[in-house]
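This report refers to the structure that appears directly beneath it.
The values are calculated or read from the model by the stated rules, or taken from the named source; none is laboratory data. Just so we're clear, the structure is a prediction, and the values are computed from it rather than from any experiment. Note that each Cβ is placed from the backbone with ideal geometry, even for glycine, and that neighbours are counted across all protein chains shown. In case anyone asks, the SASA skips ligands and DNA or RNA and just uses the protein heavy atoms, side chains included. Shrake-Rupley method; radii C 1.70, N 1.55, O 1.52, S 1.80 Å.
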Amino acid sequence: RTIGKGYQEIQKRTLTKWINVQLGTVGDSITNIETDLRDGRKLLSLLSVVAKEPVPKPEKGKMRIHHLSNVAQVFSFLEKQTGPGALPDIGTEAIVNGD
């Protein structure tokens, strides 16, 4: 059984609202969960808020290589927090591609 498109939209809206509550504490927000997290900068900011500790500084460049590096930093930080093998098998390219 597949999940209906309407249910997926509700999940996206709910997660977007939760992210905005978290990012709001540092004066930031997102409007589209599928595009606004792709460069990794807002993901790093979100991690900093949720983990209540500093995260690596994101690369400011706008090229794909910078985005991949930022998302790799996100996964590296999460793996240090949770231990190896605790994260789902999601590649940096999937995030940068908006998948």
Original post:
Which residue, Ile65, Ile33, Ile19, tops the fluctuation ranking in a GNM of the chain built on C-alpha contacts under 10 Å?
Top reply: Ile65
Original post:
On the accessible surface of the chain, probed at 1.4 Å, how many percent belong to carbon and sulfur atoms?
Top reply: 56
Original post:
In whole percent, what relative contact order does the chain give with Cα contacts below 8 Å and a gap of six or more residues?
Top reply: 24
**OP:** Return the calculated 222 nm mean residue ellipticity for the chain, to the nearest 500 deg cm²/dmol, obtained by summing -39500 (n - 2.57) across DSSP H runs with n ≥ 4 and dividing by the residue count.
**Re:** -18000 deg cm²/dmol
Subject >> Spin-label pair Arg13/Val26, simplified geometry with 7 Å Cα→Cβ offset, distance in nm >> reply: 2.8
Original post:
Just going by the charge dipole of segment 1-70, with Lys and Arg at +1 and Asp and Glu at -1 on Cβ, which of Asn70, Tyr7, Ile19 is farthest out on the positive end?
Top reply: Tyr7
**OP:** Find me the longest stretch of the chain that has none of the exposed trypsin sites (Lys or Arg not before Pro), where exposed means in a DSSP loop (not H, G, I, E or B) with at most 15 other Cβ atoms within 10 Å.
**Re:** 2-51
**OP:** Mind pulling the per residue volume of the convex hull built on the Cα atoms of segment 4-59? Å³ is fine.
**Re:** 79
Subject >> Distance histogram in 10 Å bins (all Cα pairs of segment 50-99, percent per bin) >> reply: 24, 51, 26, 0
**OP:** Filter the GluC sites (Glu not before Pro) in segment 1-92 to those in DSSP coil with at most 12 other Cβ atoms within 10 Å of their Cβ, and list the result.
**Re:** Glu34
Subject >> Probe 1.4 Å, protein heavy atoms only - accessible area per residue of the chain in square angstrom >> reply: 69
**OP:** Please state the charge dipole magnitude for the chain, taken about the Cα centre, from unit charges on C-beta atoms (+1 on K and R, -1 on D and E), reported in debye and rounded to the nearest 20.
**Re:** 220
Original post:
For the chain, what D do you get in µm² per second when you plug the Kirkwood radius from alpha-carbon pairs into Stokes-Einstein at 25 °C and 0.890 mPa s?
Top reply: 171
